[in-house]
Amino acid sequence: MKSSLRPTRPIPAFRALPTRSVRAKTRRVRLGLEGFENRITPTLTYTITTAAYNNDGSKLAFDGDGNAYNTDHSPLSFEQALGAINTFDLNNGVFFHPGPSVINFNIPGAGVHRIETHGYKTFGFGQDDTTLDGFSQPGAKPNTAPLGSPINAKILIEFDIRCELTCSNNTVRGMSLRGIDLAGNTFFSRDSLNNHIEGNFLGVHADGKTSWGDAQEGVYIGKGAPSTWVGGGLPSLVNLVAGHTGIDPQFGSVANGIFIDGSHNNVIVGNYIGTDKTGSHHAGNTLNGIRIASSPADHNLINENIIGFNGEYGVRVDNGFDNSFTTNSMFSNDKGGIFLAAGTNNDAPAPVLTSLDGSTVTGSLAGASAANPYTVEFFTSTGKDAAGTYEGKKSLLLVQVTSDPFTVDVPGATGFITATATDANDNTSVFSNALNAGAPVGDVKLGVDPNIPTSLLQGNRPGLKCASRMTALTIFPPPLARS
């Protein structure tokens, strides 16, 4: 089933900022690099020393350690690095300069540096194993505050454009960008696997609150881009995804925080979606915090995120199954916390809460039994959202329910109590009705889930068990060519 929101987005195999050309004599694909020599090194490092635009690659060289420099000692530009990484030899079927590649920054001067892009709208990498590291800029630093606290990351590199990833094992970190788009590589007819989006401000400037005014998604994960990591659960990996507003002239109304469009096995963990960097002020996306649509949009793990102030739902699922959303903080989304279209997530039943006596909650859950257990997560909220429904601002408890009806002791039951249910296959329900416990809600503090392995939270490669608090989701890359 195709997404009802937008047409399939064509993303080219490579896109650099300037116009492409192909020299007939050598059949070298030229993506913004003039005069680059044929060099092959195992690992290349580009340290960008100017924010100015320069696509002249005629003086680009590498020392014995694989560090790029200009032979006339002029500053190295981002466009020179991008052109070198994306130059492909059509005769031999190889990149002139295969990865891994690392792009670091060391631009002189204090404050935020905006990279000049010569009027282009996107940039991208055509080959695997490229790292774009904004935190390498002197003075920049990743977030160290616990999840749920104001983000204290210092971003010093900005791009007033979007980034496109159509290849595998790439990392984009420590940047302010309009957004990031991921999709399969049409040039090589293969999927783009295991890309990592870490510690970025997407949709907002480096101040963490001023919107770029971008009308597309903060992160678009299309078909052919499974096993994408957005965040990862550690404070240093938290992304801020906010401020996507308006109508895009090409794709229409698509301003979701994150759109999983027919992709699977993605991990969205430990991000702030729709808030500013404090996690408590409005910087919402026009549509949903996270939208999941189009087949096969399944086996996506959404944990430990703050999702608030979005114009529609916190999480909306229009197609797919085995999508789990647990230990998130959802509040003040205009239409509600979670929306499931009919038939999605196996029509997972929501709990019905019937009574509250102190901290003891009684309720019912259709079909719950020892043979068919559910993990019920209890939340507390301060009040209704704009649609008159209760979401889940603070996670209180996850407990296995094996009977209908059930009775559970919920320590810390204050404010308005709600719940969700997740079955053994990771299908999470919508929120339940609310019971009033009559006391205020404390601050939201999202701790790292103790049941997720540390290696996984650090962004380890696929092939491990990605354990939520109630069950396990195996993250394995699919074959490169899928039917």
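Close amide H partners of ILE157, meaning residues 5 or more places away or on another chain with modelled amide H under 5 Å apart, are HIS113, SER176.
Of the solvent-accessible surface of region 342-428, computed with a 1.4 Å probe and all protein chains present, 49% belongs to carbon and sulfur.
Pull up the cross-link candidates among the aspartates and glutamates for LYS277, meaning alpha carbon to alpha carbon under 12 Å and not fewer than 8 places away within one chain. The reachable aspartates and glutamates, counting only those whose Cα sits under 12 Å from LYS277, are ASP207. Taking all protein chains as they are arranged and a probe of 1.4 Å, the heavy atoms of VAL401 leave approximately 0 Å² accessible to solvent.
If you look at the Cα atoms of region 55-123, you get an Rg and a Dmax of 13.6, 45 Å. In order along region 152-167, the Karplus-derived 3J(HN,Hα) couplings, from 6.51 cos²θ - 1.76 cosθ + 1.60 at θ = phi - 60°, round to 10, 4, 10, 9, 10, 10, 10, 10, 8, 8, 9, 10, 10, 10, 10, 8 Hz, and Gly and Pro are given as x. Once the Kirkwood radius over Cα pairs is known for region 156-195, the Stokes-Einstein relation at 37 °C and 0.692 mPa s delivers a diffusion coefficient of 299 µm²/s. Size check on region 206-282: the Cα extents along the three principal axes, sorted descending, read 36, 33, 17 Å.
Using a ≥ b ≥ c from the Cα gyration tensor of region 107-266 (square roots of the eigenvalues), is it rounded, prolate or oblate, where a/c under 1.5 gives rounded and otherwise the larger of a/b and b/c decides, a/b for prolate? It comes out rounded by the Cα gyration axes.
What the Cβ-Cβ distance of ASP409 and ASN436 gives, at R0 = 30 Å and to the nearest 0.05, is a FRET efficiency of 0.95.
Mean silhouette area of region 240-319, derived from the convex hull of its C-alpha atoms and averaged over all directions, reads 4.9 nm².
Anisotropy class assigned to region 304-379 is oblate, per the alpha carbon gyration tensor with a/c at or over the 1.5 cut-off and a/b no larger than b/c.
Would you mind classifying region 59-192 by shape? Square roots of the alpha carbon gyration tensor eigenvalues, ordered a ≥ b ≥ c; an a/c under 1.5 is rounded, otherwise it is prolate if a/b is larger than b/c and oblate if not. Note, shape of region 59-192 comes out oblate.
Once both labels are positioned 7 Å from their Cα atoms along Cα-to-Cβ, the gap between ALA424 and ALA366 label points is 2.0 nm.
Here the 3J(HN,Hα) profile of region 408-416, calculated from phi with Karplus coefficients 6.51, -1.76 and 1.60 at θ = phi - 60°, is 9, 8, 10, x, x, 5, 9, x, 9 Hz, Gly and Pro shown as x.
The values are calculated or read from the model by the stated rules, or taken from the named source; none is laboratory data. Everything quoted here is computed from the prediction, not taken from an experiment. Reconstructed Cβ throughout: ideal geometry from the backbone, glycine too, with neighbour counts over all protein chains shown. Ligands, DNA and RNA are excluded from the accessible area calculation, which covers all protein heavy atoms including side chains. Shrake-Rupley method; radii C 1.70, N 1.55, O 1.52, S 1.80 Å.
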